[in-house]
Ligand SMILES: [Zn+2]
């Protein structure tokens, strides 16, 4: 299977548009046109993981954290990143990362599901789909054709409903002036025409294609149409999420639940073991940046990489913190992506599932526990 096809599957899961501006996800190294047979998935492209990729004859290494993050001025074996890059290129291993785009699309919601959270919502929206209302005026006998042209290109999607439009009959008037070639009416005469106003909704991405299709299908030389930006945007994607458990849980019991759900050896938390918690925020990885958002919505924030001052400040804002480690809260990503790709490859091409091998690297947290 072509590497490009794998990338398409990954981008369906974690669209690049969800990534934060400062991030560097995507194809970082190698050739997208390469034929891929062995795919390794890992949280980090550490030296050890790169070694495993090479010894397991991986053609492609997919990681969560981008191996190349800051701009590089030189790539030499004197430098620890340079060494990895050289090794991957020498062995023709493509390197691809999905970082904050994966955080927004999958990480927090999946982590919340593991804890059994209900009614989950985004904690810190990064991306919101923009929607527009299109209203177009069409002579009645051509309304069906124009409507179909627009919905075929993706206008009129509301949740799981497609082809959503609203149609009003009315009277249109126009006066064709010199140099015109009107579909209806005559030059110099005021025309009155039974028209249909078709209203529908479209997202930012499909707006241009839908308008082009509408203009192509419309019989008039100068179709009349309006585009209104909508204030009520679509479902947002963002960092972290918060939700509720079906009943109160004590801090101690939640800590046990977190240990079990993420297979971590320990968690640390602020507050008292008997503190009762109902609304739970979770931000796998490093969640310091969402403390302010969580403080208004949740009793506790489960995350990693917490430090003394942040924890103290959060506590005084009424937010308890539970730290299960950066690696601890994110390492399920590798298995998740692995299962996703296996399923998608089998769906795309039944025979491919036997020729494309997807597997996780063996990774350990960087910290040891005494
Ligand atoms: Zn991370």
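Need one word for the stretch 68-150: rounded, prolate or oblate. Basis is the Cα gyration tensor (sqrt eigenvalues a ≥ b ≥ c); a/c below 1.5 gives rounded, then a/b vs b/c decides. It comes out oblate by the Cα gyration axes. Under the criterion of Cα pairs below 8 Å and six or more residues apart, the relative contact order for the stretch 214-370 equals 18 percent.
In plain terms, the chain from residue 215 to residue 48 could stretch by 54.5 nm, reckoned as 0.36 nm per residue minus the Cα-Cα distance. Full extension of the chain segment joining residue 226 with residue 113 gains 36.5 nm, where the gain is 0.36 nm per residue of separation less the Cα-Cα distance. Relative to the 2.2 N^0.38 Å rule of thumb, the stretch 130-229 has a C-alpha radius of gyration ratio of 1.12. With contributions of -39500 (n - 2.57) from each DSSP H run of at least four residues, the per-residue ellipticity at 222 nm computed over the chain stands at -9000 deg cm²/dmol.
Taking Cα atoms only, the orientation of helix 204-217 departs from the longest principal axis of the chain by about 20 degrees. Legend: ranking of residues 1, 171, 60 from fewest to most surrounding C-beta atoms inside 10 Å; resulting order 171, 1, 60. P(r) tail for the stretch 221-370: Cα pairs beyond 25 Å make up 46% of the total. Annotation: Cα Rg of the chain relative to the compact-globule expectation 2.2 N^0.38 Å equals 1.28. Taking all Cα pairs closer than 8 Å and separated by 6 or more residues, the relative contact order of the chain comes to 19 percent. For the pair residue 161 and residue 74, the difference between a 0.36 nm per residue extended length and the Cα-Cα distance amounts to 26.2 nm.
Remark: relative contact order (the stretch 130-229) = 47 percent; criterion is Cα-Cα distance under 8 angstrom and separation of 6 or more residues. Among 2-11, 322-331, the peptide with the highest mean count of other Cβ atoms within 10 Å heads the list, and the full ranking is 322-331, 2-11. Here the stretch 171-234 has an Rg and Dmax of 14.8, 46 Å, counting Cα atoms alone. The angle between the Cα long axis of helix 3-13 and the main principal axis of the chain comes to about 80°, on a 0 to 90 degree scale.
Between residue 181 and residue 22, the simple label model (points 7 Å from Cα in the Cβ direction) yields a spacing of 5.8 nm.
What FRET efficiency comes out for residue 278 versus residue 362 if R0 is 41 angstrom and r is the Cβ-Cβ distance? Round to the nearest 0.05.
It comes out at approximately 0.60.
Please give the helix 332-348 orientation as an angle from the longest Cα principal axis of the chain, in degrees from 0 to 90, rounded to the nearest 10. Between helix and principal axis, roughly 40 degrees. Computed from the C-beta positions of residue 144 and residue 192, the FRET efficiency with R₀ = 25 Å rounds to 0.70. On the beta carbon distance between residue 168 and residue 89, with R0 = 51 Å, the FRET formula returns roughly 0.25.
Values in this text are rule-based calculations from the coordinates and carry no lab data. All figures in this text were calculated on a predicted structure; none of them were measured in a lab. A quick note on method: Cβ atoms are made from the backbone with ideal geometry, for glycine too, and the neighbour counts reach across all protein chains shown.
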